[in-house]
Amino acid sequence: MRHTQPTILVIFLFLAACSNGVSGMFGNTSQGPEKTVDVTQLPSVRVVGLVVTVPQSLVSNESNSYKPRADIVWREDPLGDRHQQVQTIVENAIGTGVAPLQENLPVVLHIKVTRFHALTERTRYSIGGVHEISFLLLVINGKTGDTLIPVYQVNASLPAFGGEQALAAERVGLIQKVRISEHLAA
C-alpha cells in the first residue's frame, strides 16, 4: 500500500479554497462555481518545482494603525522590500511543507500571493486579529507541462495573537514569522 499522507498535505491547500475561473496561468480572474478536489482521485506526487510570485501591484503599507489598507502588511523583517520578504517567507514555508512529497508524479507548484496581511505593532500588542494570507495555486505536470489542478484561490489565514498572548508567545520565540511559516508549511 502506498503512503498517501504527503499527497494529502499538499491537497489540503486546495481543499481550503474556492476555485475561480482564470485565463492564462494567473490571468484576470472571473467568478466561477465553487470546486473541490477529491484527494482519492489524485495521483501521488513529487514536487520538483516551486514558483512563488508576489506581484509588485500588491500595495504594501508601513502605517502602524489597527488595520492599514494594504495587500501586504509585514513588520518582522527590517524595513525593506516587503514583496521580496513575503516571497521568501512563502517559498521557505511551502518548500518545507512539500519536501516530504516524494512519490511518482513530478509536479510544479505555481503560487501567486494575493494578500499577506500580518499584524501591525498596534494591533499585535492590543486586540490581536487574523493573519490574512491568500494566494492563487496552480499545479502543473512536471513532465508534460499539462495542468493537473487548475488555479485555486487558497485562503491560508490564521488567528493572530494579541495583547498578553502575543507577548507570551514572543517570550518563547513564537513570533508572527514562525507561526505563519509553520502554518503555511502544514
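Using all pairs of distinct alpha-carbon atoms, the Kirkwood hydrodynamic radius of segment 31-186 works out to 16.8 angstrom.
Database remark: amide H of Thr53 closer than 5 angstrom to the amide H of Ile111, Lys112, Val113 (H placed geometrically; neighbours at sequence offset of 5 or more, or on other chains; Pro and chain starts carry no H). Here the 3J(HN,Hα) profile of segment 136-150, calculated from phi with Karplus coefficients 6.51, -1.76 and 1.60 at θ = phi - 60°, is 8, 10, 10, 10, 10, 5, x, 8, 9, x, 6, 6, 8, 9, x Hz, Gly and Pro shown as x.
Taking all protein chains as shown and a probe of 1.4 angstrom, Asp71 keeps an accessible surface of around 40 Å². Here the spin labels are modelled as points 7 Å beyond Cα on the Cα-Cβ line, and at Ile127 and Ser65 they lie 1.3 nm apart. For Ala160, the amide hydrogen comes within under 5 Å of the amide hydrogens of Gly129, Val130, His131, counting only partners 5 or more places away or on other chains and with H modelled in the peptide plane.
The values are calculated or read from the model by the stated rules, or taken from the named source; none is laboratory data. In this text the structure is predicted, and so the values were computed from the model without any measurement. So basically every Cβ, Gly included, is an ideal-geometry build from the backbone, and we count neighbours across all protein chains shown. Please note that ligands, DNA and RNA were not included when accessible areas were found on the heavy atoms of the full protein model with its side chains. Shrake-Rupley method; radii C 1.70, N 1.55, O 1.52, S 1.80 Å.
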